[in-house]
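Below is one structure, written out as structure tokens; comments come after it.
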Amino acid sequence: MQIEFERSGGITGAVLRLTLPEGSLAKDEADKLQALVEQSRFFELQSSPSAALKPDRFHYRLTIEQGPRQHTVDVDEADAPASLQPLLQALTALARARAHTPRA
Amino acid sequence: MYRAVGAGSPRPQGLGGVFCIVPPHILREVSQRGSPAQRGWALNTLAISEQLRGRRSVLGGLALSTPTGEKRRTVYDAQHGTILPGRRIRSEGDKPCGDPAADEAFEALGATYDLYWSAFKRKSVDNRGLRLDGSVHYSDSYDNAFWDGSQMVFGDGDGELFHRFTLSVDVIGHELTHGVTQHEAGLVYAGQPGALNESISDVFGSLVKQRKLKQDAKDADWLIGQGLFTKQVKGVALRSMKAPGTAYDDPVLGKDPQPGHMKGYRELSYDNGGVHINSGIPNRAFYLTAIALKGRAWEKAGQIWYHALCYRLRRDSSFSDAAKGTAQSAAELFGSASQEQKAVEMSWKEVGV
């Protein structure tokens, strides 16, 4: 499984990005993400361009490639389905942790 | 001479039935016409009813906003969840509750209300006295604050990069101004109108801070979000209106990407077309105007921008429209060919618009 994640917006305007190539995660982390992807039914989700763009809310763009399947979902934080939230939170935490690595 | 203006169209307030023995239309009447004690009772009852019905979190729109005609703040604790508004912890007239985030939010909501009322004779976000509600401790490690269409929401920050978002009074002024813009020009939140929407929030957010500190334009720091970064971040704030692009340069956050001139304008596929980035250009135009006009920035430059927001900008206004609209506003407020109008025109020219 390969993942590309981007969170933009928010009052800070800072963009958080994460690219996870195939095999880049430890097995337990990869298993956890795999479970969240399945739980969210990611490959069945539609992008939901917001009818009214909302000031200072986060916007997510997530692309996952797995075997022959590749799918992208674009969604505002306020419109993200509940099933997708745990996956977005996990990827946000992972992106933050990776971004902080250079400090160590 | 200038004149203060108050604008904002009255909106229908359809509450529908609420869980209360007194019908909502009577509560609304009492909330506007009763004695202070009666108004307090009616507003609290309306607020509790809205909470019980959970309708704010579902609809979150203007229809549930309760006009008060006076400053009325309520702060809630979201208790690290995402269901709004949460548990009420401080209302108008209460002593500080001891929760720093809640007390900071309460004070900053008041500072924002005070700027709009004293400088522009505007009654709250909708100019009808909309009650100011804010929820603190939203979600976990949430690096953000936002206006959801009817209330403020504040995260505690992740502690690594950002402190709690109630620390910065201009951030709270910024968010409430999104509500003002929603009720006035209604600038679409994408592309140039979106960057103008962001800039207007920065402008009035900065004015809230400057008025609180009793500062002249030349003494202000013109920073947005000063104090939000932890010590680990190499930077002073989220944005600088005086020198866009210089607020931070950090290994994790990168370099502040804001341009201060049209030469640096960027067409972007994210952030709704770079609304938080290109806003540096109109931000600097306002800063230059305020410096040129000297004194308190809300007394001249702020009046011009507020007039333009209420009467000259539309939902699809571009930077060029804003330049024309603010120059026209300066002429209407201070006279054609006045030094104020010339200062506005020079400022936009200097940023390449």
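Does A:THR12 qualify as being of a type in the set (Ser, Thr, Tyr), in a helix (DSSP H, G or I), closer than 24 Å to B:ASP158 by Cβ and at pLDDT below 95?
It is false that A:THR12 is of a type in the set (Ser, Thr, Tyr), in a helix (DSSP H, G or I), closer than 24 Å to B:ASP158 by Cβ and at pLDDT below 95.
Filtering B:SER240, B:SER201 for residues that are more than 10 Å from chain A (Cβ to nearest Cβ) and within 22 Å of the chain's Cα centre (by Cα) leaves a single hit, B:SER240.
So which residues in region B:269-288 are within 23 Å of B:GLU175 (Cβ to Cβ) and either charged (D, E, K, R) or more than 9 Å from chain A (Cβ to nearest Cβ) (or both), if there are any at all?
B:ASP271, B:GLY273, B:ASN278, B:GLY280, B:ILE281, B:PRO282, B:ASN283, B:ARG284, B:ALA285, B:PHE286, B:TYR287
Within region A:60-98, which residues are β-branched (Val, Ile, Thr) and within 12 Å of chain B (Cβ to nearest Cβ)?
A:THR92
Close Cβ contacts (under 6 Å, 6 or more residues apart or on different chains) running from residues in region A:70-96 that are farther than 17 Å from B:THR82 by Cβ to residues that are at pLDDT 90 or above and surrounded by fewer than 18 Cβ atoms within 10 Å (Cβ to Cβ) comprise A:HIS71/A:PHE43; A:THR72/A:THR63; A:VAL73/A:LEU45; A:ASP74/A:ARG61. With the requirement that a residue be of a type in the set (D, E, K, R), in contact with a helix residue (DSSP H, G or I) (Cβ under 6 Å, 6 or more places away or on another chain) and facing another protein chain (nearest Cβ under 8 Å), what does region B:161-198 give you? Of everything in region B:161-198, just one residue is of a type in the set (D, E, K, R), in contact with a helix residue (DSSP H, G or I) (Cβ under 6 Å, 6 or more places away or on another chain) and facing another protein chain (nearest Cβ under 8 Å), namely B:GLU198. Residues of region B:180-213 that are of a type in the set (Ser, Thr, Tyr) and not in a loop (DSSP other than H, G, I, E, B): B:THR181, B:SER199, B:SER201, B:SER206. Taking the listed residues A:ARG17, A:ARG57, the one that is exposed (fewer than 15 other Cβ atoms within 10 Å of the Cβ), in contact (Cβ under 8 Å) with a residue 40 or more places away in the chain and within 14 Å of chain B (Cβ to nearest Cβ) is A:ARG17, with no other qualifying.
Only one entry of A:ALA82, A:ALA90 meets the criterion of being more than 15 Å from A:SER8 (Cα to Cα), modelled with pLDDT of 85 or more, among the small types (Gly, Ala, Ser) and buried (at least 17 other Cβ atoms within 10 Å of the Cβ), and that entry is A:ALA90.
The values are calculated or read from the model by the stated rules, or taken from the named source; none is laboratory data. Bear in mind that the values here come from a model prediction, so they are computed numbers and not experimental data. Neighbour counts run over all protein chains shown; Cβ positions are idealised from the backbone, glycine included.
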